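In what follows, a structure is listed as structure tokens, so that the remarks can point back to it.
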Amino acid sequence: MISRLAFTPAPYSPDVEELQPDEAETSRKLAETMVSICEKTYEDSGHAIRAVHAKSHGLLAATFEVLDDLPPELAQGLFAKPGRYEAVVRLSTTPGDLLHDSVSTPRGMALKVLNVEGPRLPGSAQSTSQDFIMVNGKEFNSPSGKAFLKNLKLLAATTDKAEGAKEVFSKVLKGIEGALESIGKESTAMKAMGGNPETHILGESFFAQLPLRYGDHIAKVAVVPASQNLKSLAGTKVDTGEDADVIRHETEDFFDHETAVWHLQVQLCHDLETMPVESTEAWDETKSPFITVATITAGPQEAWSEELSREVDDGMHFSPWNGLAAHQPLGAIMRMRKLSYERSAGFRSERNETSVQEPVRCPFGRTAIGQADRLSGQHG
């Protein structure tokens, strides 16, 4: 139990954000570029997929449990009181086309907590979910909205082209990234282009990277392995040479018999000068460490199937703008991406047999909370 914090968190107010004069135009161009990626892949396959994070590796029913006795600074928004919720976890990799796993790009976790209560963010009034979108790196890969647009246009230009060349390029980048990490450095850009280490996705820690409102305060969110079976997979290499879907198959093998437990953690902003909302850089963890406020538990289950893919990959969207007003995304990049999330989901919903809808209960035909009760205590 956390009795008190070692610092006083900075208060949230609307003026912590700095609106940019060209945000509307950049937002429009980002959305257009996102849709252009969707159009390219749809033209070839006849099936509409996401503009980013198109390939899923795990689609999981889970239980989300807010901890008891959080101090007032942490008992905010969704975390204001203890509670248990059904949730959906989607594990993915970043490209907008469905590539061989040897093209090793950053991994993502999207978390949808179902049936939460409280005032909603604009545009999400028809939903009762709280979404968190995370990847396995602490810093966003672009320092500004315009830089993000430039990188996205490069991605769009290579979508659905020359997969063999991407595999070769990825192999080169993985070698360079490995050399950098051996001397204690890393390159977010190289990882984004295909140089992400070929490690087991279930050993990864995931970070929202950009800040959000945390009730009366400001925070960043992370999900980290808590059970020993996940911790033991951290840094474990996966052979991507032969099996195009090895990340998915490793995930399926794990959930045939194992239970995964993650901690959801928050890092509170305590100084807007050194931890600015508009910066994409990581905040200093020596001054404000990540603190656990909830657990996520997923028991043995079918971790991926064509049916699950229709229900989640086709039938759901995940957006940081789908949630409570108490957890409003903050910063220019978060604001400029809002339209892109809406357009990408709309594109899929209009073209696929399964339309995009917000679930009110776990869609997998099983009760995650009951499952967690049965499995409680099996894994530390």
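Laboratory data are not the source of any read-out in this text; all were calculated from the coordinates shown. These numbers were taken from a predicted model, which means no experiment stands behind them. Cβ sites come from the backbone with ideal geometry, for glycine too, and all protein chains shown count toward neighbours.
Structure notes:
- Radius 13 Å from Cβ of PRO143, net charge of other residues (Lys, Arg +1; Asp, Glu -1): -1
- Rg ratio for region 89-165: its Cα radius of gyration over 2.2 N^0.38 Å, N being its residue count, equals 1.40.
- A Cβ-based charge dipole, computed about the Cα centre of region 196-331 with Lys and Arg at +1 and Asp and Glu at -1, lands at about 760 debye.
- Within region 1-101, the GluC sites (Glu not before Pro) that combine a DSSP coil assignment with at most 13 other C-beta atoms in a 10 angstrom radius are GLU18.
- Averaging the sequence gap over all C-alpha pairs within less than 8 Å and six or more residues apart, then dividing by the number of residues, gives region 1-117 a relative contact order of 26 percent.
- Three-way shape label, the chain, alpha-carbon gyration tensor, a/c 1.5: rounded
- When the alpha carbon gyration tensor of region 6-161 is reduced to an equivalent ellipsoid, its three semi-axes come out at 32, 22, 16 angstrom, largest first.
- J(HN,Hα) series, region 55-69, from Karplus relation 6.51 cos²θ - 1.76 cosθ + 1.60, nearest Hz, glycine and proline x: 8, 8, 10, x, 10, 10, 7, 9, 10, 10, 10, 7, 5, 6, 6
- Based on Cα contacts under 8 Å between residues 6+ apart, the chain shows a relative contact order of 27 percent.
- The string of couplings for region 103-117 from the Karplus curve (6.51, -1.76, 1.60, θ = phi - 60°) is 7, 8, 10, x, 9, x, 10, 10, 10, 10, 8, 8, 6, 8, 10 Hz, one whole number per residue in order, with x for Gly and Pro.
- Dipole magnitude for the chain: computed about the Cα centre from +1 point charges on Lys and Arg Cβ and -1 point charges on Asp and Glu Cβ, it is near 500 debye.
- Ranked list, fewest to most other Cβ atoms within 10 Å of each Cβ, for HIS249, HIS200: HIS249, HIS200
- Residues in region 36-41 carry Karplus couplings, in order, of 5, 5, 4, 5, 5, 6 Hz; the curve used is 6.51 cos²θ - 1.76 cosθ + 1.60 with θ = phi - 60°, and Gly or Pro positions show x.
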